Amino acid sequence: MSSPVQSTQLPLQANAHGSTSAFRENFLVSQIVTVVTAASLLLAGWLIFVFFAVGPTLGFRAEQTPQPQPVDEPKPTPNPTPVTTRSTTSQTQSINSVDSSQNDARQEQLALLHLQQFEFESRTTTLMTLVATVEQRLQKWQRRVESLPDSNEGRRLVSSAHEARFVLSQKTLEKTDLDHLRASVTKVRQTYAQAVTPFSDLKTDDDKLTAAEAELRSAAAKFDALETALDNLSPNAQPTSDGPTLRKAFAALDAEAAKSVRQAATEQEVKLQTRFAAEIKAAKEDLETLRSHADNAQSELTRIETESKQKLAEASKQRTDLLRELTQKRLDARKRMEEALPEFRERLSPFLKSSYRQPDGGGQFVGTLDSLPVSYSALLRVGALEDDQRGLGILYHLGQISRNIWGNDRLQGSFPDGVNWEFASQKPEIIRQLKAIQEFLRRHGEAMMEAKLLAP
């Protein structure tokens, strides 16, 4: 069994494909009359066109009969001018031929214009009739719709109020739409009625009329479908004059719809509140978790900061202790050097006095820009402090005073002096003194640099 909504839609679909209503029968009769009239006018126009277009070629045009003209008697002239009759006749025939061609073309244009006017006159007349018919259908439908809320017919539809409201809510052409279509058709009709020359392009106006006709026929078919749909709603209902009206049924539907909307809104609000409550709870839990993590992180940070401070304090203390220890070691080393220096000062004279010469290896000296004692690092570099025979030989050569450019120009003091190393190396006393000087420089060299007794 089909539902009331389905029973309403079926008539709408059936009447969309073709209706056997009274409107279509009346309109078919008017169309037949219009077509017969149009065919008669078209045949008459065609005969006119054939007469004016083809007639001259068949000799239907009356020949002009020359009218006798009064002839004056010729007056004698001394020397009459000869007249060329053949040339004058040819010019006259040429002029007549041009006039005839122009007249034929004009007649053809007029015939074509008449055909165009006839065609559009017929179409616009049909459309104007169709506009009037649809307007009548619109007025009839509006009267029926306006009467339904409180009439017996409306009472019959109470049981199908949902379907009736659906049918009545369907959009149809309005009076303004019909006025616009009527004005559009009238404009096309006037354009062709007032024309004096044929049109070269008919497509625009033809499309306009075709669209108007399609819209009007669709509107008429829709009125048929709506009327049939209302007729098929609750066909077996037996309304009474004291029964509920369709207006009250619509009011009940509106109240029910409003109630449903309120109920849906309430349910939606409850859902939203439930969801928001869950989200707020989850947010609070996340916040507590974050706070716990933050507290743990703060505790860890405090621990790290405390440990870092302790380590920094320990490192600073160790550094201070180390610096103090190194300083004390340097002070102790300098004190020991100063205590031992008096015994070796004279023997170190070749190294303690300032000069512009520094050791460069092989017992030779090179010039410098600054006047300084002998460089402790130079003594180490050239091997003068090596604990072997070679180191002793280098130290011996560096301690020999010489005035040449490659020698040491400082004071000799009590540093061992001799002719050469081969001779001096055979002297145990010289070897003993050289080893003592070498040991003093190795032990107290850095303290002597700090005291500026030796250059760096």
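The values are calculated or read from the model by the stated rules, or taken from the named source; none is laboratory data. Please read these numbers as outputs of a predicted model, since none were measured by experiment. Positions of Cβ are generated from backbone atoms using ideal geometry, with glycine treated the same way; all protein chains shown enter the neighbour counts.
Quick notes
- Residue in segment 100-131 that is surrounded by the most Cβ atoms within 10 Å (Cβ to Cβ), counting only those that are charged (D, E, K, R) and farther than 19 Å from L43 by Cα: D104
- Selection status of R432, under 26 Å from P342 (Cβ atoms), among the charged types (D, E, K, R) and buried (at least 18 other Cβ atoms within 10 Å of the Cβ): no
- The residue of segment 384-412 that is nearest to A436 (Cα to Cα), among those that are free of Cβ contacts under 8 Å to residues at least 24 places away in the same chain and surrounded by fewer than 16 Cβ atoms within 10 Å (Cβ to Cβ), is D388.
- Within segment 364-376, residues that are buried (at least 19 other Cβ atoms within 10 Å of the Cβ) sit with their Cβ atoms under 9 Å from residues that are charged (D, E, K, R) and not in a strand (DSSP E or B), at 6+ positions apart or across chains, in these pairs: F365/D409; P373/K353; P373/R410; P373/K452; V374/K353; V374/R410; Y376/E446.
- Within segment 108-166, tally of residues that are under 30 Å from K248 (Cβ atoms) and of a type outside the set (D, E): 26
- In segment 192-208, of all residues being in contact with a helix residue (DSSP H, G or I) (Cβ under 8 Å, 6 or more places away or on another chain) and surrounded by 13 or more Cβ atoms within 10 Å (Cβ to Cβ), the one that is nearest to T245 (Cα to Cα) corresponds to K208.
- Here D242 passes the criteria (1) among the charged types (D, E, K, R); (2) modelled with pLDDT of 90 or more; (3) not in a helix (DSSP H, G or I) except the one numbered (2).
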